[in-house]
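Below is one structure, written out as structure tokens; the observations come after it.
The values are calculated or read from the model by the stated rules, or taken from the named source; none is laboratory data. Computed from a predicted structure; not experimentally measured. For neighbour counting, all protein chains shown are included, and Cβ atoms are generated from backbone atoms with ideal geometry for every residue, glycine included.
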Amino acid sequence: MLSCILIGLLLVIVTVGIHGVGTAWMIRRMIGSDILTLHKPDSFSAIWLLCSTAAKLMLLHVVEVAVWAIAYLVILDVDEASTIEEAIYFSMATFASLGYGDVVIAEGPWRLLSGIQAMTGLLVFGWSTALLFTVVRSLWESERN
């Protein structure tokens, strides 16, 4: 059980690291962008900024899900996650806290890993929501000024 928790914490650190690097890159790009410095950006520019930010955040989440999926393939028995597609599906459903239950980890301490992944997903989804909110707020402020 201790090894499961330690591996889970390592995966949390990797996930947060990926998200941190990705969001820092996005913030640097947005700060250098003319869209947020314009007093009243046109509608197309504002929508493009929101959509591109959301798409980049989704790509970050897919990379994070893939990291967990690879960990599942390496750690678990072949019967539980036999293909990369199945491992990514399980990882994505767990990361998003969907809890479908059609692919599960059998009895044993490794089941805790999926709970750690779900908590990590909630954390980085909240982080992504905060970033999107900040973009909306910046657009709102530029429209008001």
The number of residues in the stretch 49-99 that are over 18 Å from W127 (Cα atoms) and part of a loop (DSSP other than H, G, I, E, B) is 10
Any residue at all in the stretch 106-129 that is over 19 Å from C4 (Cβ atoms), modelled with pLDDT under 75 and outside any helix (DSSP H, G or I)? no
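Quick grid of which residues meet (1) at negative phi; (2) loosely packed, with under 13 Cβ neighbours inside 10 Å; (3) touching a strand residue (DSSP E or B) at 6+ places or on another chain (Cβ under 7 Å):
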| site | (1), (2), (3) |
| --- | --- |
| G99 | no, yes, no |
| P109 | yes, yes, no |
| W127 | yes, no, no |
| E141 | yes, yes, no |
